[in-house]
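Quick notes on the structure that follows.
The values are calculated or read from the model by the stated rules, or taken from the named source; none is laboratory data. Remember, predicted model here, so these are calculated numbers, not experimental data. Cβ sites come from the backbone with ideal geometry, for glycine too, and all protein chains shown count toward neighbours. What goes into the accessible areas is simple: the full protein's heavy atoms, side chains included, and nothing from ligands, DNA or RNA. Shrake-Rupley method; radii C 1.70, N 1.55, O 1.52, S 1.80 Å.
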Amino acid sequence: MTQHVTPPAPRRERRSPLVAPHGMRDWPNQRDPTVVPETAPGGAPWPLFLVLIVGRRADDAIGETIRSVVQQAYPAIARGLGGGPCTTDIARPTPPNHRARHQLAPPAAAADAAAIDTVVAGSAAAYVLVVEGGDMLAPGALASLALQHLTFGATIATGLVQAYAPDGIVQLWTTGLLEGPIDADALASDPDAAPDLGATSFPRAAALATGLFGAAVANRAMVARLVAAFAGEPLVIAGRAIVLSPVRRDAVPEIAPLVMTAVNDMGFEHGAGIAHRRLVESFAYAGYTASAVRLRDEGGRDDPERAVHFPKTLDRLRALAPDIVVGGNVHGATRGLDVFADIGAIAPVAIVLHDLFAFTGRCVYPGAHMPACTRHEAGCDADCPSPTQFPYMKRSAIAPAFRRKRAYLNGETAPTLWANSEWTRATALAMGGPAMRAPVERVRLAFPTHTFRPRDKARVRAELGLPVDHRIVAFSSIVVDNPIKGLADLVGVLRELAAPDVTFLAIGRLDDPAGLDGSGPIADEEDVARWFSAADVFVSGSRMETLGQTPIEAALCGTPSVVHGVTGLADAVIDGVSGLTVPVERDAFRDALRRLLDDPAARRDLGAWGRLAMEARHGHASAYLSMRGSLRRMGVLAGERARGATRFAPGLARTWA
């Protein structure tokens, strides 16, 4: 069976009608609802932004533009005067005797490059951002850009333009450049790939030093040259709306049609299946015709060792004619990668490494249960120490399966491997060895940021029957007492921190309660998100994850985490931003958890920073943006499809919380 994938519309507990075609309820006539702590992560002051509002037409809705800046939840707003364009400085809390003021330059001043440079030179701001009259900053835009600079190392930070017409959202787009060191040659050959000036923040002093900033503001054809002047400096892209821009619907180019199909064993079930579904949704938001094929619909349910080739699946794929096939876990239907070798004759294949099954004879995490097992280094064989553990295999079948996998990964038709964390990428390269021809490339998983969002904690607790006045520590997994998830160690830590007002909550199925409160199995993501929002702290005792989806889901709900900073978890939790990472030491874990339980202000700040960071780095747009470089190298994005801006369908705008 082929499942065609269309991203679902977000479900809300309370739905308010949109009052504007740009898709942001009541904006900019209400205060930005984004929660922004008084300081940046680490206690440093938030950087000062110089926002230039440039009028270009006599009928520009400058009032709304100014309100969209003034209403930002960035810690405080101080509006200063400058010659030429209207300027707005966004800074730390302003002194009580400060008199806020603003001035709007005549529309003609937008063409005065010298006047613009004079304003920029006279500011003490760290970063400068240009907003064209009639456009609006999206809620949370400045805080999100600031985090790209402070936390993710951006020299230039950009995000999405959300374009709208009177009858609704038309499209979203961002730079066609890849995240990372700025490629001046790419800009020279494709200047339309430059970031949109209105969604991009530059380091003020460095931008002025190029001698090109005022010219780029006055003449947008110069923006590519301005960005190219930062060649080699890091560009970071926030996968969320930064600016809202009115457009004529007929002036926006259509998204080039492409087709992708996902293939895995059991469809969208369990953790890896959920992650795979979200990646498929990312392609759909990017305008692809997206579908999914489940191998178990053809075979492998009863005897996956014997299921090697899937001819009906291949027939389905030939009919779908995909431009790319994205593979996921298959060990629930087959015990090898042969199916992907067969698919490679139909379309390019990228396999997402939700685990490490591709590199072993049968297991998914070598060393997870047997730390001394390194048999894959010489070649997995009949001496495998755990052949009866899932995915089980006859001893005699392990060595042939290992050899077939290696032949595929080392051969001329090797797939591309997508690693969802830096640890997974490094581990895959090490396990594959120098003979492996399959490229291993880093991508980011997608999360529904509109579903996993902060909620009123007291109200959610009352709805779930949880104590409103307790400090609640949550732990989540599909099966929480799976030994790899580390529940035994967590229970020991909790017993040391036991107090009358502390509740330890297991979110998921709990076969051995050990005196814990549990939610029981939860299938609906909206319900899972409510449980996350109810918690004060989320913890994971796991020491083996390719990424770790649950700490990211918790962060999106405004709940900080404590995890061991090992394997993929080191990427899932940003230490000091979305939670705390600690060594694999029980005392260190206990002390970190105690620190958060005893410090509500730290929990509040980490929850707010974590939401901002993960919304920008792990939404559907961000996931697709992380795959673009790989798609180009695979030939999926080629010719005109690889040029200009990266565009998204209007449905993406529904994913903002």
By residue number, the members of the stretch 614-652 that are surrounded by fewer than 23 Cβ atoms within 10 Å (Cβ to Cβ), touching a Lys or Arg at 6+ places or on another chain (Cβ under 6 Å) and among the charged types (D, E, K, R) are none
Would you pick out the residues in the stretch 371-418 that are over 30 Å from residue 324 (Cα atoms), assigned to a loop (DSSP other than H, G, I, E, B), touching a residue at least 12 places away in the same chain (Cβ under 8 Å) and not charged (D, E, K, R)?
373, 379, 380, 382, 384, 385, 386, 387, 389, 392, 393
Just the residues that are part of a helix (DSSP H, G or I) and either of a type in the set (Val, Ile, Thr) or without any contact (Cβ under 8 Å) to a residue 24 or more places away in the chain (or both), please, taken from the stretch 338-365.
339, 343
Looking for whichever is at pLDDT below 90, hydrophobic (A, V, I, L, M, F, W, C), over 27 Å from the mean Cα position of the chain (by Cα) and surrounded by fewer than 20 Cβ atoms within 10 Å (Cβ to Cβ) here; the options are 9, 76, 91. Which one fits?
76
May I ask you to say which residue of 327, 271, 336, 300 is out of contact with any helix residue (DSSP H, G or I) (no Cβ under 8 Å at 6 or more places or on another chain) and of a type outside the set (Lys, Arg)?
300
Would you confirm whether any residue within the stretch 610-627 is closer than 22 Å to residue 437 by Cα and at pLDDT 95 or above?
yes
Residue check, residue 555 of a type outside the set (Val, Ile, Thr), closer than 23 Å to residue 425 by Cβ and either free of Cβ contacts under 8 Å to residues at least 40 places away in the same chain or surrounded by 23 or more Cβ atoms within 10 Å (Cβ to Cβ) (or both):
yes
May I ask you to list the residues in the stretch 111-126 that are part of a helix (DSSP H, G or I) and among the aliphatic types (A, V, I, L, M)?
111, 113, 114, 115, 116, 119, 120, 121
Anything in the stretch 410-427 that is surrounded by 22 or more Cβ atoms within 10 Å (Cβ to Cβ) and in contact with a Phe, Trp or Tyr (Cβ under 7 Å, 6 or more places away or on another chain)? List them, or say none.
415
Confirm whether residue 592 is touching a Ser or Thr at 6+ places or on another chain (Cβ under 9 Å), at pLDDT 95 or above, under 25 Å from residue 504 (Cα atoms) and surrounded by fewer than 24 Cβ atoms within 10 Å (Cβ to Cβ).
yes
Any residue at all in the stretch 207-226 that's at pLDDT 95 or above, in contact with a strand residue (DSSP E or B) (Cβ under 7 Å, 6 or more places away or on another chain), outside any helix (DSSP H, G or I) and open to solvent by 10 Å² or more (accessible area, probe 1.4 Å)?
no
Could you identify the single residue in 145, 129 that is surrounded by 24 or more Cβ atoms within 10 Å (Cβ to Cβ), part of a strand (DSSP E or B) and either on the phi < 0 side of the Ramachandran plot or over 18 Å from the mean Cα position of the chain (by Cα) (or both)?
129
Anything in the stretch 318-334 that is farther than 12 Å from residue 258 by Cβ, open to solvent by 10 Å² or more (accessible area, probe 1.4 Å) and not in a helix (DSSP H, G or I)? List them, or say none.
329, 331
Among residues of the stretch 155-178 being of a type in the set (Ser, Thr, Tyr) and assigned to a strand (DSSP E or B), the residue nearest to residue 246 (Cα to Cα) is 164
What tally of residues in the stretch 262-287 results from selecting those that are surrounded by 24 or more Cβ atoms within 10 Å (Cβ to Cβ), outside any helix (DSSP H, G or I) and not small (Gly, Ala, Ser)?
3
Report yes if some residue within the stretch 347-358 is under 25 Å from residue 295 (Cα atoms), among the hydrophobic types (A, V, I, L, M, F, W, C), open to solvent by 20 Å² or more (accessible area, probe 1.4 Å) and within 33 Å of the chain's Cα centre (by Cα); otherwise report no.
no
Sort out for me the helices (runs of 4 or more DSSP H) sitting completely within the stretch 430-542 that have 2 or more residues that are farther than 29 Å from residue 268 by Cβ and either open to solvent by less than 10 Å² (accessible area, probe 1.4 Å) or modelled with pLDDT under 85 (or both).
487-496
Only one of 654, 590 that is of a type outside the set (A, V, I, L, M, F, W, C) and closer than 24 Å to residue 549 by Cβ
654
Selection status of residue 259, aliphatic (A, V, I, L, M), crowded, with 20+ Cβ neighbours inside 10 Å and at pLDDT 95 or above
no
